[in-house]
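Inspection log for the structure reproduced underneath, given as structure tokens.
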Amino acid sequence: MNFSLDMLLQPFSHVGMVSKYAMLIAFIFLSISIACCTWRVVRGPMMEDRILALDTLYINAIAVIILLGLVFTTRVYFDVALLVAMFGFIGTVVLAKFLFAGDITK
């Protein structure tokens, strides 16, 4: 199987040359960031580190979803990114309350 940069840039065919490389670089850096956050969630020494890494992880997921919306030129991805942002915020608040009070119903 021959691998070339043109095969990697095929989904970006509708955008300009500079935008192709900018989106590709953004995907690469976001992938690295997601890997680092996942490592911190798994290996975090304290619960606060894990919650912060999880918060950063969903923010990176929002960025990836928005980039996918730009690549595939559809608005559905932006709606999904908004939902992920809302659920991520609610999850962070619930986890912080649980960590502070030990119970989320108080």
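Just so it is clear, none of the values below were taken in a lab; they were calculated from the coordinates. The structure presented is a predicted model; accordingly, all values stated were derived computationally and were not measured. All Cβ positions, even for glycine, are placed from backbone atoms using ideal geometry, and neighbour counts span all protein chains on display.
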query = Can you work out the FRET efficiency for the pair CYS36 and VAL76, with r the C-beta to C-beta distance and R0 = 25 Å, to the nearest 0.05?
reply = 0.30
In order through segment 64-81: 3J(HN,Hα) via Karplus (6.51 cos²θ - 1.76 cosθ + 1.60), integer Hz, x for Gly, Pro = 5, 5, 5, 4, 5, x, 6, 5, 8, 6, 9, 8, 4, 5, 5, 5, 5, 4
request  = Please turn the phi angles of segment 44-51 into ³J(HN,Hα) values with the Karplus equation 6.51 cos²θ - 1.76 cosθ + 1.60 (θ = phi - 60°), one per residue in order, whole Hz, x for glycine and proline.
outcome  = x, x, 10, 5, 5, 5, 5, 5
key: Distance between modelled label sites at ILE59 and ALA22, nm, 7 Å Cα→Cβ extension   = 2.1 nm
